[in-house]
Amino acid sequence: MQFLHEQIAKEPLLLLFLTIALGYLVGKIKIGSFVLGGIAGTLLVGVVIGQLGVEINGGIKAIFFALFIYAVGFQGGPQFFHALNRRSLNQLLSAFVMCFTGLLCVLLAAWTFGLDRGMAAGLAAGGLTQSAIIGTAGDAIAKLGLSPDLTKTMQTNVAVGYAVCYIFGSLGPILMISWFLPLIMKWDIRQQAIALAKQLSGGHAELDPGQFNAARQVATRMYEIAPDSNVAGKPLLAIDKELSDASVEAVYREGKTLELTATTTVEAGDRVAITGTTEVLETACGFLGEEVPAPRGLVLVQERREIILTNRSLTGRSIGEIHDHVNVELRHGVFLTAAKRMGLDLPLLNKLELKTGDELHLVGSPGDLDRVQSKIGYKIAAAAVTDFVFFGVGMLIGMLIGMIQFRVFGVPISIGSGGGCLLSGLLFGWLRSVHPKFAALPGGASNFLRDFGLAVFVGIVGISAGPQALVAIQHYGFTLFFLGVGVTLVPQIITFFFSYYVLRIQNPIEALACVAGGRSANPAFAALLTKAGNATPVVSFTVTYAVANVFLTLWGPIIVGIITKNAS
């Protein structure tokens, strides 16, 4: 045991990685539908391990938090700036009302029950389930010019408040969105999701769980042109127009594959390879001729390509509108198979409006995909290498913004390096979406920075808070827990009814998704998706989630600036 203690004293980072490993293991424990999550698990394990009294350099914590918050901003930048328009105004206001109401609840609780700055910020971080507040509030506390011991005590209180309030902060929105609000409004979430999907698809019925729309699947089949076929003698583009959602990919005549041009015509007896949706291919026999096996040795190369939408002329237009207005020459052989927004699958329905930054999954031959790629945006694979020039500049700008101080009603406030890097990340993420040649940060890299940066930061916070955490919990205990319950529930109730009756967000799925997104409640959103049985909540969630992530993160220094009481 003595040997182990000596090794830990020599290399305290051993405890950090042990904390992360055990924390994520604890976070996987499932109780019913509730999962604690890796971040909360890491914080709790860190507090326990922190009883050993090990110190880890605070500079490591600052660096990894800055990386985490920059990645958060970078990923949300395109959607955040796109949300700032008239079309999304109601949802944007809903998210702001949720964030602002949450801030007022925290301030009221702090003034009424005499919470110090650190505990108030921790109440916000846990009750509103925004882990980033731990960092932005901690930065702000460090810049107050207090004694090192007092500073450490209040930073510990931030972590304690988060730990005490986080569990119900995650569970409360799940209960509110999947049970309480639908109950009092007498909504059947699944039926409402089916109705919304039918509306977005232009009247097509929504399918039950386990079923899938085969019409969205793309396949290639071979047909022999019958002598009485009405396509015999027609050029390829004319056939494509008649097929609509299918196209001629190859023509096999007298044992040879023809080189296809705009003037190539199809003759009786030809074997043609048709690529398209299975719905069209099922009816092609009556239109073309009998389906036949592909000739031996025939190779048709198809590619799956993911393209980020940056073309402003396509932004705000529905999938159906784009399909109907793009000429057949341009969309020949290219098929949309999926769309994602902020990593979430969108419902691929006719009336779904596309936004800048959406990730479109296309299938087609490499040549056909090359033709349309420049009309849409840029290929994700093109961003396989991080642009460290812009990454370094982005981090630098974020740090500089964090050094700026300003006054609100005479109270000096600084958003700190965390808030600064968040704003810088938003800016550079948006820059990347409109100018894809600059500021590349691949999805895998940004996800790693986000997840590992937060894990390291929270692990160090827990270890550092360990010795004082039990004292703080004993002092505030159940009072803090019940304050967290209020901070969790009250903003959701107020915002829901304000959004429903004032902002007129009355579609049940959109209203519930706005509540989940407005407080960046990922577990609640996952519960809503499960109840809905389809992806209809995604659109409203992404708008409000992007806005909430920014405002909730900035509440950390705001709370530290407005609350004037220091820990005793």
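Overview of values
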quantity: Meets criteria (touching a helix residue (DSSP H, G or I) at 6+ places or on another chain (Cβ under 9 Å), crowded, with 19+ Cβ neighbours inside 10 Å and within 18 Å of A132 (Cα to Cα)) for T495; calculated: no
quantity: Tally of residues being among the hydroxyl-bearing types (S, T, Y) and surrounded by fewer than 19 Cβ atoms within 10 Å (Cβ to Cβ) across segment 551-568; calculated: 2
quantity: Considering residues of segment 105-149 that are open to solvent by 40 Å² or more (accessible area, probe 1.4 Å) and assigned to a helix (DSSP H, G or I) only, the residue nearest to F68 (Cα to Cα); calculated: A142
quantity: Selection status of V461, closer than 30 Å to V48 by Cα, crowded, with 24+ Cβ neighbours inside 10 Å and either free of Cβ contacts under 8 Å to residues at least 12 places away in the same chain or among the β-branched types (V, I, T) (or both); calculated: yes
quantity: Qualifying residue in segment 1-20 (condition: closer than 24 Å to Q130 by Cβ, surrounded by fewer than 20 Cβ atoms within 10 Å (Cβ to Cβ) and at pLDDT 85 or above); calculated: no
quantity: Failed item, numbered, when Q506 is tested on (1) assigned to a loop (DSSP other than H, G, I, E, B); (2) open to solvent by less than 50 Å² (accessible area, probe 1.4 Å); calculated: (2)
quantity: Count - residues of segment 532-543 that are part of a helix (DSSP H, G or I), in contact with a Phe, Trp or Tyr (Cβ under 9 Å, 6 or more places away or on another chain) and at pLDDT 85 or above; calculated: 1
quantity: Hey, E259 modelled with pLDDT of 80 or more, open to solvent by 30 Å² or more (accessible area, probe 1.4 Å) and touching a Lys or Arg at 6+ places or on another chain (Cβ under 9 Å) or not; calculated: no
quantity: Single condition I56 does not satisfy, out of (1) open to solvent by less than 20 Å² (accessible area, probe 1.4 Å); (2) assigned to a helix (DSSP H, G or I); calculated: (2)
quantity: Residue check, F452 part of a helix (DSSP H, G or I), open to solvent by 50 Å² or more (accessible area, probe 1.4 Å), under 30 Å from T386 (Cα atoms) and aromatic (F, W, Y); calculated: yes
quantity: Unique residue being among the acidic types (D, E), at pLDDT 85 or above and open to solvent by 60 Å² or more (accessible area, probe 1.4 Å) when the list is E224, E249, E279; calculated: E224
quantity: Single match in L489, L529 (criterion: among the aliphatic types (A, V, I, L, M), free of Cβ contacts under 8 Å to residues at least 40 places away in the same chain and open to solvent by 10 Å² or more (accessible area, probe 1.4 Å)); calculated: L529
quantity: Residue among H361, H323 that is closer than 30 Å to T261 by Cβ, free of Cβ contacts under 8 Å to residues at least 40 places away in the same chain and of a type outside the set (F, W, Y); calculated: H323
quantity: Residues being surrounded by 23 or more Cβ atoms within 10 Å (Cβ to Cβ) and either under 15 Å from I189 (Cα atoms) or of a type in the set (A, V, I, L, M, F, W, C) (or both) - total across segment 512-526; calculated: 8
quantity: Criterion violated by L237 - all others in (1) part of a helix (DSSP H, G or I); (2) more than 21 Å from D370 (Cβ to Cβ); (3) of a type in the set (A, V, I, L, M) satisfied; calculated: (2)
quantity: Segment 420-449 - residue that is surrounded by fewer than 17 Cβ atoms within 10 Å (Cβ to Cβ) and not in a helix (DSSP H, G or I) and, of those, modelled with the highest pLDDT; calculated: P442
quantity: Subset of segment 282-306 [in a helix (DSSP H, G or I) and open to solvent by 40 Å² or more (accessible area, probe 1.4 Å)]; calculated: E282, C285, G286, F287
quantity: Breaking point among (1) touching a residue at least 40 places away in the same chain (Cβ under 8 Å); (2) within 21 Å of the chain's Cα centre (by Cα), for A339; calculated: (1)
quantity: Among (1) hydroxyl-bearing (S, T, Y); (2) open to solvent by less than 60 Å² (accessible area, probe 1.4 Å); (3) out of contact with any helix residue (DSSP H, G or I) (no Cβ under 7 Å at 6 or more places or on another chain), the one test that T101 misses; calculated: (3)
quantity: Any hit, segment 475-482, residues being of a type in the set (S, T, N, Q) and over 15 Å from V97 (Cβ atoms); calculated: yes
quantity: Search result, residues across segment 307-332 that are part of a loop (DSSP other than H, G, I, E, B) and modelled with pLDDT of 85 or more; calculated: N311, S313, L314, R317
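The values are calculated or read from the model by the stated rules, or taken from the named source; none is laboratory data. All values reported here derive from a predicted model rather than from experimental measurement. Neighbour counts run over all protein chains shown; Cβ positions are idealised from the backbone, glycine included. Just so you know, the surface numbers come from the protein's heavy atoms only, side chains and all, with ligands and any DNA or RNA stripped out. Shrake-Rupley method; radii C 1.70, N 1.55, O 1.52, S 1.80 Å.
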